[in-house]
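This report concerns only the one structure given below.
The values are calculated or read from the model by the stated rules, or taken from the named source; none is laboratory data. The shown structure was predicted, so the numbers you read here are calculated from the model rather than taken from an experiment. Only protein heavy atoms, including side chains, enter the accessible area calculation; ligands, DNA and RNA are left aside. Shrake-Rupley method; radii C 1.70, N 1.55, O 1.52, S 1.80 Å.
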Amino acid sequence: MLNLVLFGAPGSGKGTQSKKLIEKYQLIHLSTGDLLRSEIAQGTELGLEAKKLMDMGQLVPDAVVNGMISNKLDANKSAKGFIFDGFPRTVAQAEALDQLLKSKGSSISVMVKLNVDDEELMHRLLLRGKDSGRPDDANPEVIKKRLHEYHSKTEIVGDFYKDQNKLKNINGIGDVEDVFAALSGVIDSL
Ligand code: AP5
C-alpha cells in the first residue's frame, strides 16, 4: 500500500495536489476538512458542533476526526492506498493514525510537506474566499487564527514523521504543475 500524508499549512495546495495525485496513482483521498464540511451540509449533530469551531478557525477535537478516519479506512479495505489531506493535524492524531494503520498491517509510507510562506497563504485564501462560500476563507482574522493553529499545534507533526525518516519537504510556491512534478518525483522514488 502507498499511504501518503500530504502536509502543509491552510492554503498550501493540499486539496489542489490531492485531486491530481488520486488520478495518477489511484489512491483514496481522505480529507478531514471535506468530511467535516459534508457533515455540516447534512446538518448532523457532529457537523453542527464542528462548524462552530471551523468558523472560528480552530481545530475540532482529535476524537472526532480520528473516528471519521477510522470509519473511512474500514469502508475502503481493498484500496491501493490513501492520501491523508489535513490529517493528522496534532501529534495525538498522528499517534492514533499509526496505531490504526498498524492494526491493519499497514503504515505511512511518506509525509510530503508543501512549504509556502504565510504571506502567500493569506493571499491565496483571501482570493479563494471571494467565491468559495467557505466562511473560514472570508475573514482575514479567521485565516490568521487558522495559521496560528497550524504553527502552534500542527507544524510539530512534521517532526513526528521526521523522527521516522518519512518526511520530505518540497517547495509549494510556483506553478501547480511544477509542484505536482516535484510531488510525483518523491512518490516515484519510493
Ligand atoms: P481543511 O479543509 O483541511 O482546510 P485547510 O487545511 O485550512 O486547508 P485548505 O483546504 O483551505 O487548503 P489546502 O492546503 O487544501 O489548499 P488548496 O489546494 O485548497 O480544514 C478546515 C477546518 O476543518 C480546519 O480549520 C479545522 O477547523 C477543521 N479540521 C480539518 N481537519 C482537521 C483535523 N485533522 N483536526 C482538527 N480539525 C480539523 O489551495 C488553496 C487555494 O490556493 C486555492 O484557491 C487554490 O486554487 C490555490 N492554489 C493551490 N496551489 C497553488 C499554487 N501552486 N499557486 C497559486 N495558488 C494555488
(Q) I'd like the Kirkwood hydrodynamic radius of the stretch 113-190, using the inverse of the mean 1/r over distinct C-alpha pairs, in Å. (A) 14.2 Å
Q | Two-decimal ratio, the chain, of alpha-carbon radius of gyration to 2.2 N^0.38 Å | A | 0.98
Q: Roll a 1.4 Å probe over the protein chains and send me the accessible area per residue for the chain in Å².
A: 50 Å²
Q. How much of the accessible area of the chain, probe 1.4 Å, is carbon plus sulfur, in whole percent?
A. 52 percent
Q.
Pick from Val176, Val142, Val91 the residue whose mean-square fluctuation is largest in a GNM of the chain, springs joining Cα atoms under 10 Å.
A. Val176
**Q.** Additional length obtainable on full extension of the chain from Ser78 to Leu53, 0.36 nm per residue less Cα span
**A.** 5.6 nm
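If you wrap a convex hull around the C-alpha atoms of the stretch 1-79 and split its volume per residue, what is the figure in Å³? Intermediate results must be reported in sequence, preceding the final value.
On the way: hull volume 8.6 nm³, N = 79.
In the stretch 1-79, the Cα convex hull volume per residue is 109 Å³.
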Q.
For a quick check, take a GNM of the chain with Cα springs below 10 Å and name the residue from Gly43, Gly13, Gly158 with the largest mean-square fluctuation.
A. Gly43
Q: Beyond 27 Å between alpha-carbons counts as too far, so tell me which of Lys77/Lys145; Lys19/Lys113; Lys51/Lys77; Lys104/Lys166; Lys20/Lys72; Lys19/Lys51 fall in that bin.
A: Lys77/Lys145; Lys51/Lys77
**Q.** Estimated 222 nm signal from helices in the chain, with DSSP H stretches of n ≥ 4 weighted -39500 (n - 2.57), rounded to 500
**A.** -16500 deg cm²/dmol
